[in-house]
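For reference, the structure is listed below as structure tokens.
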Amino acid sequence: MDMKVLYQRRSAEFLKEIRPYLHYALQSVVMSAVAAFLLFSIAYRLFLGWVTPAFPWELLCATVMLFPLAGGKIRSYLQDADIIFLLPHERGMNIYLQAAMRKALIIQTAIVIAVWLLIWPLYAKMTAAGGLQFIVILLVLVLFKWALMFGKWTELQLQEPSIRRWFVLLRWLLAALSAYAMFAWKLPYGILLLAVGSILYLGLLRLPRKYIVHWLLLIDWEKRHRASVYRFLNWFIDVPQVQGKARNTRIPKGWLRIIPFRQSSSYLYMYTLIWLRSELLGITFRLTVLGIVILASLRSDWASVISYIAFGLFGALQLSDLKRYYRVHIWHRIYPLPDGLLKRSISTVRLLIHLAMLLLMAIPLGWTLSTPVWAAVLFLLSAAASWLFHRYK
């Protein structure tokens, strides 16, 4: 069995599988992406004209570069049946997995290069760096990314889940510290710290026990990767493969008594429970906490305002997915409820959750802005925009 051909065939089959949905997604997103790019270009140009060395640009650059360095997916395209049919070929799976690693390295390297090109104008202005520094730092970042990708792949083969979690934390900490040192320190010292950290990290990866192929974990991660792709495509067109996952969040039932027990509140109660028991609760919570932490750490008015708007927009886009739950369920045609109540109720639930998120993020915004009253003004404007979005989207 030619393992390289098998990997290429599975990659092509997945692309063929999502192509019909990808076509609709591209139709929906192209104009918005062009408009967002133009607005970002204008905002970035204004930011470059305004920013001074007193601004914590090192932290900003390190934060932007952190996720391309430490993140990234390695698609294996493994399936449940492979435990039976490919297990006899386990010793020969190196060719298959090397093909997966090469594809991931190419994609992730391109992302690192793109992000570095984005950061370079700011870095060049703050440090008066030239073309040689651009090439040197780019090569260092690419090599560092390869080391972290090798580390991530090794993590997936570790036998002990607790050790794997520690190595995941170590990878993110190493990426954060190295990225900050690269921008905050003088060039030779930043590269030296990055090199020493990478060598120690790669050395530590040799210590834990590993599987030849961690079948169950790789298959589980592949399912998560596929689900994330379909959830993204589901923003633009209904995808049958997307299924909500109910979870027992242990929310006291008394908390829902604020919703009146009457016919007009039926869908309010139902979709509040759906939000509490789906992955949207975790997504909303993480976005809100991350937004609060970032807003509390910023000391620039413009950066705070842009961050507040960005996190508010991300929250609105995530909550818009709530309307897809049970959208075509047969019980909606059986319930003795008025027409239009479903749409109004979903919009209300989304709006209230989003307003709570905006209010919580406005609290640290009021501390960081030089004029706290602008935080209230921005919250009211965002609330109005949120009402329009959830009312008509």
Between LEU388 and LEU337, what FRET efficiency comes out of the Förster formula 1/(1 + (r/R0)^6) with R0 = 25 Å and r the beta carbon distance, rounded to 0.05? 0.45
For the stretch 267-383, with only Lys/Arg (+1) and Asp/Glu (-1) charged at the beta-carbon, what is the dipole magnitude about the Cα centre, in debye rounded to 20? 380 debye
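Pairs of alpha-carbon atoms within less than 8 angstrom and 6+ residues apart define the contacts here; what relative contact order does the chain have, in percent?
RCO, the chain: 16 percent.
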Between their Cα atoms, which of LYS73/LYS186; LYS16/LYS323; LYS223/LYS393; LYS16/LYS210; LYS16/LYS73; LYS16/LYS152 are more than 23 Å away from each other? LYS73/LYS186; LYS16/LYS323; LYS223/LYS393; LYS16/LYS210; LYS16/LYS152
If you plug each phi of the stretch 67-73 into the Karplus form 6.51 cos²θ - 1.76 cosθ + 1.60 with θ = phi - 60°, what whole-Hz ³J(HN,Hα) values come out, in order, with x for Gly and Pro? 5, x, 6, 8, x, x, 10
Roll a 1.4 angstrom probe over the protein heavy atoms and tell me the percent of accessible area of the chain that is carbon or sulfur. 70 percent
Given a 1.4 angstrom probe, what's the average accessible area per residue across the chain, in square angstrom? 59 Å²
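The values are calculated or read from the model by the stated rules, or taken from the named source; none is laboratory data. Just so we're clear, the structure is a prediction, and the values are computed from it rather than from any experiment. A quick note on method: Cβ atoms are made from the backbone with ideal geometry, for glycine too, and the neighbour counts reach across all protein chains shown. Just so you know, the surface numbers come from the protein's heavy atoms only, side chains and all, with ligands and any DNA or RNA stripped out. Shrake-Rupley method; radii C 1.70, N 1.55, O 1.52, S 1.80 Å.
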